[in-house]
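Here it is, the structure, as structure tokens.
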Amino acid sequence: MRARVRTAALGVVPALAALALLAAGAATPAATGAPPHEVVIQALQYVPQTLTVHRGDVVVWTNKDPFPHTVTAPGAFDSHSIAAGASWRFTAKKAGTYDYICTLHSNMKGTLQVQ
């Protein structure tokens, strides 16, 4: 009987530690298996134009136009050419506001806010 109680108590310790980490904000949505955030590139626009995420989150830009685009925040990230029908993934590691453009179509602008 004592062995069974001790085994059950040992199982509680990791669960309590995980809860403490979650409460402290140590686990991000990406670390917990949350789906990536999505931005659609269509009709020469980024949709949504502004996206707010947390550090560690993954953002996927998918090009639904029939021609290539880029997702470029000078000095922060650059997808290079994303072909029609293709996508590009980015993991937001540093907090800040990142204004980005398509270097092939200068009228296309978006903002990624990382908290």
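Return the residues of region 15-74 that are in contact with a strand residue (DSSP E or B) (Cβ under 9 Å, 6 or more places away or on another chain) and at pLDDT below 50; say none if nothing qualifies.
Matches in region 15-74: P29, A30.
I'd like the residue in region 62-77 that is of a type outside the set (K, R) and over 9 Å from Y100 (Cβ atoms) and, out of all such residues, is nearest to the chain's Cα centre (by Cα).
T62
Which residues, counting only those in region 97-115, are in contact (Cβ under 8 Å) with a residue 60 or more places away in the chain and aliphatic (A, V, I, L, M)?
Those that are in contact (Cβ under 8 Å) with a residue 60 or more places away in the chain and aliphatic (A, V, I, L, M): M108, L112, V114.
Would you pick out the residues in region 46-91 that are among the charged types (D, E, K, R), part of a loop (DSSP other than H, G, I, E, B) and under 23 Å from Q115 (Cβ atoms)?
R55, D57
The values are calculated or read from the model by the stated rules, or taken from the named source; none is laboratory data. A quick note: this is a predicted structure, and the numbers were derived from the prediction, not measured. When we count neighbours, we look across all protein chains shown, and the Cβ atoms used for this are built from the backbone with ideal geometry, even at glycine.
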